[in-house]
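Working notes, structure below.
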Amino acid sequence: MIDTLYSDDEIKEARGRLWYMGNLEWKFDPTQKRMYEFWKGVTKKTTVINCSRRLGKSYFLTVIAIQQCLQHPKSIVKFLQPEQKMIRINIRPIMEKILEDCPAELRPSFSTKDNIYTFSNGSEIQLAGTDNGNHEKLRGGDSHLCIIDEAGFVKSRLQYIVRSVLLPTTFLTRGKLLLSSTSPLEADHDFAKYMEHAEQTNSLFRVTLLEALKDNEGIDEPRFTPELIEEIIAEYPGGMASDDFRRECLCEIIHDGDNAIIPEFNDELKQDIVKTWPLPTFYDSYVSMDVGFRDLTVVLFAYYDFQNAVVVIQDEIVTNGPSMTTESLAKSIQIKEKELWTNSLTQEFKPPYMRVSDNNLIVINDLQVLHGLTFLPTAKDGKSEAVNKARIMIGGYRVYIDPKCKVLIHHLKHGTWSKTKKTFSRSPDNGHYDAVDALVYLLRNINEGKNPYPRGYNHRHLNSGDGKFINNYGNENNKLHDQIKGWFAPKTNSRFNK
């Protein structure tokens, strides 16, 4: 469209001016523009981008690096790829493509010896691989932006590279970190943990191949045509349902069924069971707690809907660290119980039928003696069997979760077993998927046989011809015997009295 409105010389001049302004956003396609706007809006230090193949991740990251250097003189950008050879194979050709229309005086020089692009304003892009310890070359000094491309395929310890090599270089500059990749092959890769944490902190941008197709609809972009997408899907045995397509193009983390704690809790099931549930007239409520000081303490509030035979998780409390004291915990529990289980009309509070906890006897005793909250220590034998019961109930649509229970939902989605299969693995929120433990304790202690409904509830209306009809029920002059004596009297049947 631009070509029909402006001459080639006018376009060249406009682009030159934008280069001098350090504005390269015009080089992005619609999907990359969405990435850019998201990244600019994140207030956290670390942003994570998880996107499909063929979306131009490396191109996007390289433009970001150049723009940082142009807009802020003497900027240092540290740019990592999984292997050193990828600098020559991937990044340098992309740089040349981006710099095609760059004015000569702005064009950076490249040192093949040091793998550094140097700009005339003193800015640098320092490149390195993460193989063979090459990332250690970027240790030290200051940086204003750190980028790891294809972070999901870094074979070295990604967490070490981020925390020990890159992060300290941003302390004085308050620089940012940007991690980008397709979903990793292994569900327990460090990048999957960064994705998980970023999702919790609203600093994860995820875009699939199908979303990119929609973004670029109506424009001349050969990478995103319906025909090409169909060809790509056809190359995967099983099509869109294949694990490889889901990982590479739909940005899914593919969990090994033996590794996931609750593999039944997939996106499809999540849509069905994460919802608000109408509170029944009569119910028994429960509180379940998994205690942690260094780890998370998670308290779940639930009730058993006897009529529908389902457990409904209404809310959660999550705490750890210095804020985790028995006094603050007790106060939070008491407030939440009254909030959930006080009748709005009568203001009558109905305490929970049962509170259960893991076997932290010190905390249980303090809550009982000091705060009047009785928690029963749950049985913890047969953990695998208890988890299996939870899996059956969740997969059988017998557990519903209110959307406000964000930590529980997150832990169910991402929770994995440790390598020993005896405990849960460590989660990015400084726990061990503790909300899953709290749910398991809850489900193994639900008394499904207890009927909370009073006798005669919802009984059909009676009439004066019925043997159970009570005349003037409640009249103080009628004795109880007179009120109920007809209940057991033989009924007459007109068919047999003719």
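The values are calculated or read from the model by the stated rules, or taken from the named source; none is laboratory data. This is a predicted model, so every value here is computed, not measured. No Cβ is skipped: glycine too gets one built from the backbone with ideal geometry, and neighbour counts run over all protein chains shown.
A few remarks follow.
Residue-by-condition table, conditions (1) more than 21 Å from M324 (Cα to Cα); (2) among the aliphatic types (A, V, I, L, M); (3) out of contact with any Ser or Thr (no Cβ under 7 Å at 6 or more places or on another chain):
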residue	(1), (2), (3)
L373	no, yes, yes
I409	yes, yes, yes
L412	yes, yes, yes
R426	no, no, yes
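- Each residue in the range 112-148 was checked for being small (G, A, S) and over 36 Å from the mean Cα position of the chain (by Cα), and 3 of them qualify.
- Within the range 74-97, residues that are closer than 24 Å to Y160 by Cα and free of Cβ contacts under 8 Å to residues at least 12 places away in the same chain reach no partner that is surrounded by fewer than 20 Cβ atoms within 10 Å (Cβ to Cβ) and among the small types (G, A, S) with beta carbons closer than 6 Å at six or more positions or on different chains.
- Evaluated against (1) more than 30 Å from T420 (Cβ to Cβ); (2) of a type in the set (D, E); (3) assigned to a loop (DSSP other than H, G, I, E, B), E186 falls short on exactly one condition, (1).
- Residue pairs whose Cβ atoms lie under 8 Å apart, separated by 6 or more positions or on different chains, with the first residue in the range 361-381 and closer than 16 Å to L329 by Cβ and the second in a helix (DSSP H, G or I) and of a type in the set (S, T, Y), are V363/T326; D366/T326; L367/T326; L370/T326; H371/T326.
- Boolean, S288 is among the polar types (S, T, N, Q) and closer than 18 Å to L408 by Cβ: yes
- Condition met for L210 (more than 21 Å from P93 (Cα to Cα) and in a loop (DSSP other than H, G, I, E, B)): no
- For first residues located in the range 118-147 and closer than 21 Å to L172 by Cβ, partners that are part of a loop (DSSP other than H, G, I, E, B) and among the hydrophobic types (A, V, I, L, M, F, W, C) and lie 6+ apart or on another chain with Cβ distances below 8 Å form the pairs D142/L172.
- Odd one out for L172 among (1) out of contact with any His (no Cβ under 9 Å at 6 or more places or on another chain); (2) touching a residue at least 24 places away in the same chain (Cβ under 8 Å); (3) closer than 24 Å to I253 by Cα; (4) not in a strand (DSSP E or B): (3)
- The residue list I273, I313, I333, I253 contains one member that is surrounded by 20 or more Cβ atoms within 10 Å (Cβ to Cβ) and over 17 Å from A435 (Cα atoms), which is I253.
- Highlighted here are the helices (runs of 4 or more DSSP H) found entirely within the range 398-498 that include at least 1 residues which are touching a strand residue (DSSP E or B) at 6+ places or on another chain (Cβ under 6 Å) and at pLDDT 50 or above: 406-414, 434-445.
- Matching residues, the range 47-63, being more than 15 Å from I125 (Cβ to Cβ) and buried (at least 20 other Cβ atoms within 10 Å of the Cβ): T47, V48, I49, N50, C51, S52, L55, K57
- Residue match in the range 18-36 (condition: under 19 Å from Y194 (Cβ atoms), assigned to a strand (DSSP E or B) and either out of contact with any strand residue (DSSP E or B) (no Cβ under 7 Å at 6 or more places or on another chain) or in contact (Cβ under 8 Å) with a residue 24 or more places away in the chain (or both)): no
- Pairs, first assigned by TED's automatic domain parsing to the domain that holds R53 in the range 199-223, second assigned to a loop (DSSP other than H, G, I, E, B) and among the small types (G, A, S), C-beta under 9 Å, six or more apart: V207/S52; T208/S52; L209/S52; L210/S52; E211/S52; A212/S52; R223/G56
- Count of residues meeting criterion [more than 21 Å from R355 (Cβ to Cβ) and touching a Pro at 6+ places or on another chain (Cβ under 9 Å)] in the range 246-280: 8
- Test: residue in the range 227-237 that is surrounded by 17 or more Cβ atoms within 10 Å (Cβ to Cβ) and of a type in the set (S, T, Y): no
- Answer from E124, E83, E96 - the residue that is of a type in the set (D, E, K, R), at negative phi and out of contact with any helix residue (DSSP H, G or I) (no Cβ under 9 Å at 6 or more places or on another chain): E96
- The lone criterion from (1) surrounded by 19 or more Cβ atoms within 10 Å (Cβ to Cβ); (2) without any contact (Cβ under 8 Å) to a residue 40 or more places away in the chain; (3) of a type in the set (F, W, Y) left unmet by Y160 is number (1).
- Test: K275 is within 19 Å of the chain's Cα centre (by Cα), assigned by TED's automatic domain parsing to the domain that holds I409 and basic (K, R): yes
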